[in-house]
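Asks: Okay, here's the structure, questions in a sec.
The values are calculated or read from the model by the stated rules, or taken from the named source; none is laboratory data. Being a predicted model, the structure only gives us computed values, none of them experimental. Reconstructed Cβ throughout: ideal geometry from the backbone, glycine too, with neighbour counts over all protein chains shown.
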Amino acid sequence: MSYFWPILVVVGANTLYNICAKFTPGDVNPFASLFITYSVSAITVLTLFFLTSPQKDLVLALSKANWTAVIFGLSLIGLEFGYIFIYRVGWDVSVGSLVANIGLACILLIIGIVFFKETLSFTKAIGMATCVIGLILINK
């Protein structure tokens, strides 16, 4: 179970995430909505930092971060903006996220092989081919 609990967290959070993206009002500026989202997130992560950090030294903890924290934040904006518009342009909640995540899985498989020297096994290649076929079929 210790191996799978993070997957369960991601699946549960992503489920809520997509439902919220689907129900974000069409007449609200997406960046106004995301401002509320990030305000709640900032308060939550700051609270969690102080609840979980033995040192409670925020400045020291922040000094250990690198460029990835900034790029991660920018990527989250793109991700959330994109998901809001996936549903605004008419994708079904049952298909939009599926297509996006299959596309993501295929891209990350390639990135893993090219940049991180991960191996492309026969089963991974078949899995990727199956994903591509699935993308073609689901979009017909």
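Asks: Checking Ser2 against (1) at pLDDT 95 or above; (2) of a type in the set (Ser, Thr, Tyr); (3) over 27 Å from Val93 (Cα atoms), only one condition comes out false. Which one?
Replies: (1)
Asks: Looking at the structure I just gave you, is Gly90 at pLDDT 95 or above, under 28 Å from Thr24 (Cα atoms) and not in a helix (DSSP H, G or I)?
Replies: yes
Asks: Further question on the same structure: What single numbered condition from (1) within 26 Å of Phe31 (Cβ to Cβ); (2) out of contact with any Ser or Thr (no Cβ under 7 Å at 6 or more places or on another chain); (3) of a type in the set (A, V, I, L, M) fails to hold for Ile84?
Replies: The failed condition is (2).
Residue-wise test of (1) of a type in the set (Val, Ile, Thr); (2) under 23 Å from Ile138 (Cβ atoms).
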position	(1), (2)
Tyr38	no, no
Ala42	no, no
Phe50	no, no
Val59	yes, no
Leu62	no, no
Ile77	yes, no
Ile86	yes, yes
Val93	yes, yes
Ile102	yes, yes
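Asks: Within the stretch 11-56, which residues are closer than 27 Å to Val93 by Cβ and not in a helix (DSSP H, G or I)?
Replies: Result: Thr24, Pro25, Gly26, Asp27, Val28, Asn29.
Asks: Return yes or no: is Gly103 farther than 30 Å from Phe31 by Cβ and not assigned by TED's automatic domain parsing to the domain that holds Val45?
Replies: No: the conditions fail for Gly103.
Asks: For the stretch 47-57, indicate whether the set of residues that are among the aliphatic types (A, V, I, L, M) and assigned by TED's automatic domain parsing to the domain that holds Gly26 is non-empty.
Replies: Yes, because at least one residue in the stretch 47-57 is among the aliphatic types (A, V, I, L, M) and assigned by TED's automatic domain parsing to the domain that holds Gly26.
Asks: Here is a follow-up. Select from the stretch 86-140 the residues that are exposed (fewer than 13 other Cβ atoms within 10 Å of the Cβ) and among the charged types (D, E, K, R) and write down the one among them that is farthest from Phe23 (Cα to Cα).
Replies: Per the criteria, the residue is Lys117.
Asks: Would you confirm, using the coordinates I've provided, whether Ser63 is surrounded by 10 or more Cβ atoms within 10 Å (Cβ to Cβ), polar (S, T, N, Q) and in the same structural domain as Tyr17 (by TED's automatic domain parsing)?
Replies: no
Asks: So the check is Cβ under 7 Å with 6+ separation or different chains; which pairs have a first residue in the stretch 105-130 that's part of a helix (DSSP H, G or I) and a second one that's acidic (Asp, Glu)?
Replies: Matching pairs, first to second residue: Gly112/Glu118.
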